[in-house]
2 protein chains.
Amino acid sequence: MEFFFRPRGIAVVGATASKGKGGNLIVLNLKKGYFGPVYPVNPGYDEIEGFTCYLSVSDVPDPVDLAIVFVAAHMVPQVIEDCAQRGIPGVMIQSAGFSETGTTGAALQEKIRQTARETGIRLWGPNCMGLVDVPSQWIFSTVTPTIWDTGLTPGNVSLIAQSGMLAGAFLIDLISHGTMGIAKVCSIGNKMDVDENDLLEWLIHDPDTAAIGLYLESLTDCRRFMALCRSTPKPVVILNGGKTAGGAAAAQSHTASLSAGGALVAGAMAQAGVITADGFYQLADFSRTFGMYAHLPPRTGNRVAVLTYTGAAGIVSADIMDRHGLELSQFRDTTLETLQTVFPEWMPPANPVDMWPGIILNGSKKTYETAMQAVCADPAVDAVFIHCFAGGFSLEVDLEKMADTAREAGKPLFCWISGERDRVYRFQKTAQPLGVPVFREIMRAVECMGMLLNRPCPKIETDPETAAEERIRRLTQDPRLAVLASNTGELDELVSKQVLKACGIPVVEEKQVTFFEEAQRAAADFGFPLVVKGMVAGVSHKTESSLVHLGIASDQDLASAVTTLQQTMEGRGRILIQKQVPGKIELVAGFVRDPRLGPCVMCGLGGIFAEALNDTVFGVAPLTLADALAMIDRLKCRPMLDGYRGYDPVDKNALGRILVILGDLGCAYPDIREIDINPLIMHKGDPVAVDGLVVLA
Amino acid sequence: MEFFFRPRGIAVVGATASKGKGGNLIVLNLKKGYFGPVYPVNPGYDEIEGFTCYLSVSDVPDPVDLAIVFVAAHMVPQVIEDCAQRGIPGVMIQSAGFSETGTTGAALQEKIRQTARETGIRLWGPNCMGLVDVPSQWIFSTVTPTIWDTGLTPGNVSLIAQSGMLAGAFLIDLISHGTMGIAKVCSIGNKMDVDENDLLEWLIHDPDTAAIGLYLESLTDCRRFMALCRSTPKPVVILNGGKTAGGAAAAQSHTASLSAGGALVAGAMAQAGVITADGFYQLADFSRTFGMYAHLPPRTGNRVAVLTYTGAAGIVSADIMDRHGLELSQFRDTTLETLQTVFPEWMPPANPVDMWPGIILNGSKKTYETAMQAVCADPAVDAVFIHCFAGGFSLEVDLEKMADTAREAGKPLFCWISGERDRVYRFQKTAQPLGVPVFREIMRAVECMGMLLNRPCPKIETDPETAAEERIRRLTQDPRLAVLASNTGELDELVSKQVLKACGIPVVEEKQVTFFEEAQRAAADFGFPLVVKGMVAGVSHKTESSLVHLGIASDQDLASAVTTLQQTMEGRGRILIQKQVPGKIELVAGFVRDPRLGPCVMCGLGGIFAEALNDTVFGVAPLTLADALAMIDRLKCRPMLDGYRGYDPVDKNALGRILVILGDLGCAYPDIREIDINPLIMHKGDPVAVDGLVVLA
């Protein structure tokens, strides 16, 4: 990939002297910042923008590591062949007109992919805006050269964007608004060869990059992406556009139907320690926050000191902090004493610190600095949130000094700025090289603060591969699981649960019966209350088909249930007697094989709440126990599992082990398509599978 | 209030020629825009900024309706007396140093309040930034005159802010950034006399004001505020800073403990049709959206057409829309055909419309206009969301024409803008007078769109007062409720439920028993399974005290439960036998008397989920059935109540009636402090009170 990022010479195929055209913009951008040789290629010119122009790629002299191509799509295959023949290792195709335009374009794309495969050259694009490298001031792109006017602010965040237009437009926006320093922006377009994983791997090793933000519409290889993210301490933030609806329609189990709509990818991202964003600026803001505090040690705490010039903003900050898992620091006495020195007597300092009365007495600089030093020295403060104003009210502050104080104390500093437009802009520009993330809205500032301080870090280590392999190997050899190899389609409830039990998942006591007398004997063994179910081949939703009788409390109830079921099933099914498992909390757990992600595990709130409250989480198998516990932690209903008001706390390790086993089982038997445990009842805190369904291919 | 908003002459007490001081800034601001006579008052000057200066307020000639006061706090009482004597009806005190500074300041404030009460003059402030009236270009404030530099953009949104600093700072920010047109900004400070309700009432009748946004830290009179909001079709948006923790500590019932933390005020706001915001810019953005579309007829639908120059932004918009209750329009065929005329053949148009291929063929203006006309003519489109770019890429659009098209079609238009800083700014400035809300972030644009299109409108009418009065009167005369007048403290479970039952709330079948034989007879009447409870005076949390035995299925169980309870209670309590009510859904309902809001009603998800999922809503009594149904609609668990997967749908009218009755009961008997129905079980869709607690004063 070196030739894309550090080319010793660049050919621009399709260069032109015609102003405003892409082939001219590329040359202009190279002229402004790139210091290696630039070779425009176009038979129609002798020179372009001062560079000697060449007839064809074959005529370009050494050194040349990269060709940037901007010619009509139908001409691209020939250019690629020429580049390969000339020995140019990397080609960046910025022309559009390929797979995004339908079958003809897709055929063209396939043709050049073929050439690349045969010759070993690497292709970036097509249909992309290329690369912008801010610290080097190298722009390999058709992006408008007015981007240079406001100055390219270097920073340590690199961005990867699948959309070309977006990458260009957003870059212009970010750069001209001065809110964010950038290392590299990579626009990957149709990613026919070089994809997000190739670039991510490069950026993980790029010393200029401390945090990586991605906008993607599809993940080429989600498992490789996860592995890359887990391999590095560098924070990765992703905005994943579009929902993955694939496979949902045909789903047989509850688990599979829940796996649509992005929940699965969201689970995979969380498992890999990736931060997810929902909007472009949120992606940028999360990325720059993590870029600025990339080296902050993990679990620094969530207690924040708020220094504000208006009590109102302090109150609103505290309210928003509460929703993002942040707390107001309880200052120690010495902090309060120091604060009191700059405040009028009538004002006992508190957090949020309303600085205004102090500012009136001592001016803004002294008041802010004194407060800053006091809160940074306070062990009860994990982070500082200052509110600044640019535009009157004598509210000037020395941001550099405050940034130094915070840095020396090892405490992340966040800043909200408002005021007059031009002064706000200058403030933002000043703050950027000081490493202080500045925000225009308190809400976003607090959101970023929460994201940073509450990040699940250190990233969860993957299992030693051998451990998962060994567990899976043992499952493949278990004779009790032979049914998984010899059957197809849905296994009935009884057999499904026998499989789960053999793997170590606790299941309800149950017995299949044919006659009422058998049912009576089972009842005598289990004790009332009981559940009586009808098993009919092909009917997996028993409740909806009136095949479940709950709360059987006597022989009389039992007789009536058995008779009713026999009538309902018209002699086609069998009867299952189960001990009724009492428990207030019903969860669901399951396995699904996703076309892209492969074996995945699900856990969620079950029963009547499952669909209403939409509380399900996914993980990618095989899981470690830590992965599984982290999944459980992501459930909205998690507080319910901790036990209160007399209820038993749930044994989370037991629950986690069930999730690990479900994943292992799916890995061991590739014919398993879906597994559904619904409900998984928490009985005195212990999970028990009450219904189970295994679906084979 | 006329004298504050339309004064025929203004005295500035504490005016000074000293640059930068508040007393000078007020005069400068008046000089710039106010056309009536200005009378600076200061014994130290002959003239200030070209105005003749007066020795004291008594010397000021006619006409003078308003005095703006900016002198040291200790001098204010004398000034107020002078103003009253001089016959000046309105005084705006912008000085600080009153109740916000402690007891001395509070005493000063009380002193001037006394003068006002005696003389009938009205006081605005103190500790405030006064009034800015943008359409009139009148600024009665110490705000920095640089605010005039960028031009005051008139609009139809008026803002009321409790915090002075915030009002000034935020105004400077909004005005200089050009994102928002403003009618009036009122900074009310300590609101010792003129409060948010006085101003709200004025603004409701102000022809320049179409929407009202408020930042408040306290509601002076929440019920009057609600009545005002319900009296007008003008949208009201509120940011309510700070939580109301009052009373929570001493709460005896579940209902009362849930009423803390702002939930109660949030319920009151929803009931009054008020939109709530969480941040300052969100408040501004909601307000300007509602201001621009104040006359949009209600329930216009939630189907949106998205026109974008980058597919990525279209996808992200659709994802965010999904979370805000908005749908992508399904275009009719003629719309698709019209779109196809400007698109290349390979691109079948869809929603979101990715305009880029069309722009390449036909330029941005023609493509956007054709698309705009097509989607505005489509009956499947309720609103249009366009993405614009300012800064290259040949992406100029004719916003005025598009705004006209949308206006003629009666469809609200929203716009996301990004690009080069100065061009973005000009775009925003242009859009403001066109009445198109423009946003810098897709997330915020969609949030505002969702807020507008899904607003609960028309505002719910209040009960004809007589209906509620009549219901309440009947309750006060019901002899079965005599116990409420004659008792104090907690009523026991049996008596509590007798009260609820007498009011028409369905309660569980139950019987108090003393001997086992009585219990057996009750069991024979009710049938198993049963619940057996111990009632001990002063113990309201029975489950935690092991006083509840569930699932009693036989005489044997019953005997054992009764014996155990008798032992637990050591002869101090009584035993209650209840029919066990099966039901998957447990709610809670209750009544609480709030120190500020008075009688309030609560409803929420109950059982183990109550605290974990924090799903409770409040209303202010007396409720109409419509109020109660709207409360139920606000529950997060609402989808559960609709019935699915074989469960019975909940009878929402029956549930609503229970809430109405709880409110009426609390209104009828002022001694009722709290009522708690927990659980309220949905039995075959019908709510049944299974446990009840009435707490009297």
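Taking residues in the range A:1-30 that are closer than 22 Å to A:Val185 by Cβ, and partners anywhere that are among the basic types (Lys, Arg), the pairs with Cβ atoms closer than 8 Å and at least 6 places apart or on different chains are A:Met1/A:Arg122; A:Phe3/A:Arg122; A:Phe4/A:Arg122; A:Phe5/A:Lys184. Restricting attention to the range A:34-72, the residues being touching a Cys at 6+ places or on another chain (Cβ under 9 Å) and among the charged types (D, E, K, R) number 2. Restricted to helices (runs of 4 or more DSSP H) entirely inside the range B:469-543, those with at least 1 residues that are in contact with a Phe, Trp or Tyr (Cβ under 9 Å, 6 or more places away or on another chain) are B:482-486.
Taking the range B:258-340 and the helices (runs of 4 or more DSSP H) fully enclosed by it, the elements with 3 or more residues that are more than 24 Å from B:Trp416 (Cα to Cα) are at B:263-271. Exactly one residue out of A:Leu565, A:Leu576, A:Leu623, A:Leu547 is crowded, with 19+ Cβ neighbours inside 10 Å and within 20 Å of A:Ala270 (Cα to Cα): that is A:Leu623. For the residues A:Thr564, A:Thr514, the requirement of being touching a residue at least 24 places away in the same chain (Cβ under 8 Å), hydroxyl-bearing (Ser, Thr, Tyr), more than 14 Å from every other protein chain (Cβ to nearest Cβ) and more than 21 Å from B:Asp555 (Cα to Cα) singles out A:Thr514. Mind listing whichever residues of the range A:90-122 are open to solvent by less than 50 Å² (accessible area, probe 1.4 Å) and touching a Leu at 6+ places or on another chain (Cβ under 8 Å)? A:Gly90, A:Val91, A:Met92, A:Ile93, A:Gly97, A:Phe98, A:Ile112, A:Ala116 - these are the residues of the range A:90-122 that are open to solvent by less than 50 Å² (accessible area, probe 1.4 Å) and touching a Leu at 6+ places or on another chain (Cβ under 8 Å).
A single entry from B:Gly125, B:Gly87, B:Gly189 fulfils the requirement of being away from chain A (no Cβ under 14 Å) and open to solvent by less than 10 Å² (accessible area, probe 1.4 Å): B:Gly125. Evaluation of A:Leu30 against the conditions (1) surrounded by fewer than 18 Cβ atoms within 10 Å (Cβ to Cβ); (2) assigned to a helix (DSSP H, G or I); (3) modelled with pLDDT of 95 or more shows that the sole unmet condition is (1).
State whether the residues of the range B:193-206 include one that is open to solvent by 10 Å² or more (accessible area, probe 1.4 Å), at pLDDT below 90, in contact with a Ser or Thr (Cβ under 9 Å, 6 or more places away or on another chain) and more than 14 Å from every other protein chain (Cβ to nearest Cβ). Within the range B:193-206 (the criterion being open to solvent by 10 Å² or more (accessible area, probe 1.4 Å), at pLDDT below 90, in contact with a Ser or Thr (Cβ under 9 Å, 6 or more places away or on another chain) and more than 14 Å from every other protein chain (Cβ to nearest Cβ)), the answer is no, since none of the residues qualifies. Which one is modelled with the lowest pLDDT among residues in the range A:1-23 that are farther than 14 Å from A:Asp133 by Cα and assigned to a helix (DSSP H, G or I)? Of everything passing the filter in the range A:1-23, A:Gly22 is modelled with the lowest pLDDT. The residues on offer are B:Ile182, B:Ile175, and the sole one that is over 17 Å from the mean Cα position of the chain (by Cα) and either at pLDDT below 90 or open to solvent by 10 Å² or more (accessible area, probe 1.4 Å) (or both) is B:Ile175. Selection within the range B:316-332: residues that are in contact with an Asp or Glu (Cβ under 8 Å, 6 or more places away or on another chain) and farther than 30 Å from B:Leu159 by Cβ. The member of this set that is most open to solvent (accessible area, probe 1.4 Å) is B:Arg332. For the range A:364-397, the set of residues classified as touching an Asp or Glu at 6+ places or on another chain (Cβ under 7 Å), under 24 Å from A:Glu441 (Cβ atoms) and free of Cβ contacts under 8 Å to residues at least 40 places away in the same chain consists of A:Ala390, A:Gly391, listed by residue number. Tally time: how many residues in the range A:157-189 are farther than 19 Å from A:Glu201 by Cβ, polar (S, T, N, Q) and outside any loop (DSSP other than H, G, I, E, B)? Count: 1.
Select from the range B:275-299 the residues that are touching a Gly at 6+ places or on another chain (Cβ under 8 Å) and of a type in the set (S, T, N, Q) and list them in ascending order. Hit for the range B:275-299 is B:Ser287, nothing else. Within the range A:290-315, being of a type outside the set (Phe, Trp, Tyr), more than 25 Å from A:Lys365 (Cα to Cα) and buried (at least 23 other Cβ atoms within 10 Å of the Cβ) holds for one residue alone: A:Gly291. Here the range B:566-578 is the region considered, the condition is being at pLDDT 90 or above and more than 42 Å from the chain's Cα centre (by Cα), and the residue that is nearest to B:Val495 (Cα to Cα) is B:Leu576.
Inside the range A:338-349, residues that are open to solvent by 50 Å² or more (accessible area, probe 1.4 Å) and not hydroxyl-bearing (Ser, Thr, Tyr) make up a count of 4.
Of the candidates A:Ile160, A:Ile188, the single residue that is under 27 Å from B:Pro348 (Cα atoms) and in contact with a strand residue (DSSP E or B) (Cβ under 7 Å, 6 or more places away or on another chain) is A:Ile188. Picking from residues in the range A:266-283 that are aliphatic (A, V, I, L, M) and within 12 Å of another protein chain (Cβ to nearest Cβ), the one that is surrounded by the fewest Cβ atoms within 10 Å (Cβ to Cβ) is A:Ala266. Given the criterion within 14 Å of chain B (Cβ to nearest Cβ) and surrounded by 22 or more Cβ atoms within 10 Å (Cβ to Cβ), identify the matching residue among A:Val650, A:Val694. Of the residues listed, the single one that is within 14 Å of chain B (Cβ to nearest Cβ) and surrounded by 22 or more Cβ atoms within 10 Å (Cβ to Cβ) is A:Val650.
Of the residues making up the range B:214-228, none is open to solvent by 10 Å² or more (accessible area, probe 1.4 Å), hydrophobic (A, V, I, L, M, F, W, C), under 18 Å from B:Val157 (Cα atoms) and not in a helix (DSSP H, G or I). Of B:Gly419, B:Gly435, all but one fail to be on the phi > 0 side of the Ramachandran plot and open to solvent by less than 20 Å² (accessible area, probe 1.4 Å); the exception is B:Gly419.
Right, B:Phe618: touching a helix residue (DSSP H, G or I) at 6+ places or on another chain (Cβ under 8 Å), of a type outside the set (Val, Ile, Thr) and touching a residue at least 60 places away in the same chain (Cβ under 8 Å) or not? Judged against the criteria, B:Phe618 is a match. Within the range A:667-674, none of the residues are open to solvent by 10 Å² or more (accessible area, probe 1.4 Å) and within 14 Å of chain B (Cβ to nearest Cβ). When the range B:365-395 is filtered for residues that are in contact with a Cys (Cβ under 9 Å, 6 or more places away or on another chain) and of a type outside the set (Phe, Trp, Tyr), the ones remaining, listed by number, are B:Val384, B:Ile386, B:His387, B:Cys388, B:Leu395.
The values are calculated or read from the model by the stated rules, or taken from the named source; none is laboratory data. Small disclaimer: the values here were computed from a predicted structure and weren't measured. Every residue, glycine among them, receives a Cβ derived from its backbone with ideal geometry; neighbour counts consider all protein chains shown. Accessible surface is based on the protein model in full, side chains and every heavy atom, while ligands, DNA and RNA are left aside. Shrake-Rupley method; radii C 1.70, N 1.55, O 1.52, S 1.80 Å.
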